[in-house]
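*Asks:* Structure below; questions to follow.
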Amino acid sequence: LAKLTPRRKHYQRYYSTREANDNMWHARQGLQSFLRAYYHMKSADWTQNKPGPLKGRTAEEWAKLPRYYVMDLDKGMAEQVASEMPSAAQIAANKWLPDSDLRVYVEEYGRTGFQGGLQSYRVGSSGRFNAELGMFAGRTIDQPSMFIAGKSDWGAFQAPGSIERMQQSACTKMQGVHLLEGAGHWVQQEQAEQVTKLILEFLQRNRV
């Protein structure tokens, strides 16, 4: 990724670095503005989110992902999303994350920072649990399962072939893959009623 023009880096690697926490916690634009832009850019409200399958796990293919996934090499996440701050009208029209809800995140992250969540990226990139995870190699998920994501979320496609493997081999009782219109990464917030309906139907269908 660093050899691309412009030079890029993967967000998971960035989140495993020491500077990631301070970059977001003490964002130059302020924590509320950072979070508002971050939530906006990863949602269906950001119209540039038009995900689709990638041809392979290569730098050239990964470069098709938005900057919140494959970042500019010289930017932290706070700088990366700053240019996509929604307008005052867009914020006022947002029903799935009103300012009153966002303030809860701002107050809590302002108090704690992001280190707890970022720690999972550090552990993952270190390979610390590779040996333990190895015991699950080749195993399948055999209980009834369902996958729900936003149709505007790149998360289902950033690892080429993974969503297909989930349906065809990893989950032996897969009952549905639902990519919901009008939702990006925050599907349970952006389309709360649809998600709740799908989960309740799944539970009813599989009630023992």
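The values are calculated or read from the model by the stated rules, or taken from the named source; none is laboratory data. In this text the structure is predicted, and so the values were computed from the model without any measurement. Quick reminder, even Gly has a Cβ in these numbers, built from the backbone with ideal geometry, and neighbours come from all protein chains shown. What goes into the accessible areas is simple: the full protein's heavy atoms, side chains included, and nothing from ligands, DNA or RNA. Shrake-Rupley method; radii C 1.70, N 1.55, O 1.52, S 1.80 Å.
*Asks:* Considering only residues that are of a type in the set (D, E, K, R) and not in a loop (DSSP other than H, G, I, E, B), look in region 8-63 and name the one that is most open to solvent (accessible area, probe 1.4 Å).
*Replies:* ARG13
*Asks:* SER100 is checked against (1) open to solvent by 30 Å² or more (accessible area, probe 1.4 Å); (2) touching a helix residue (DSSP H, G or I) at 6+ places or on another chain (Cβ under 9 Å); (3) without any contact (Cβ under 8 Å) to a residue 60 or more places away in the chain and fails just one. What number does that condition carry?
*Replies:* All conditions are met except number (2).
*Asks:* For ALA78, state whether it is among the hydrophobic types (A, V, I, L, M, F, W, C), over 30 Å from LYS173 (Cα atoms), open to solvent by less than 70 Å² (accessible area, probe 1.4 Å) and more than 22 Å from the chain's Cα centre (by Cα). Spell out the reasoning first.
*Replies:* On the way: among the hydrophobic types (A, V, I, L, M, F, W, C): yes; over 30 Å from LYS173 (Cα atoms): yes; open to solvent by less than 70 Å² (accessible area, probe 1.4 Å): yes; more than 22 Å from the chain's Cα centre (by Cα): no.
Taking the combined requirement at face value, the residue does not satisfy it.
*Asks:* A further question follows. Take region 161-205 and flag every residue that is at pLDDT 95 or above, among the charged types (D, E, K, R) and within 21 Å of the chain's Cα centre (by Cα).
*Replies:* GLU181, GLU190, GLU193
*Asks:* Something else now. Scan region 64-107 residue by residue and report those that are closer than 19 Å to ALA44 by Cα, β-branched (Val, Ile, Thr) and in a helix (DSSP H, G or I).
*Replies:* Scanning region 64-107 gives VAL81, ILE91.
*Asks:* With the condition kept exactly as written, say whether any residue in region 136-156 is open to solvent by 50 Å² or more (accessible area, probe 1.4 Å), free of Cβ contacts under 8 Å to residues at least 12 places away in the same chain and not hydrophobic (A, V, I, L, M, F, W, C).
*Replies:* Yes, that holds for at least one residue.
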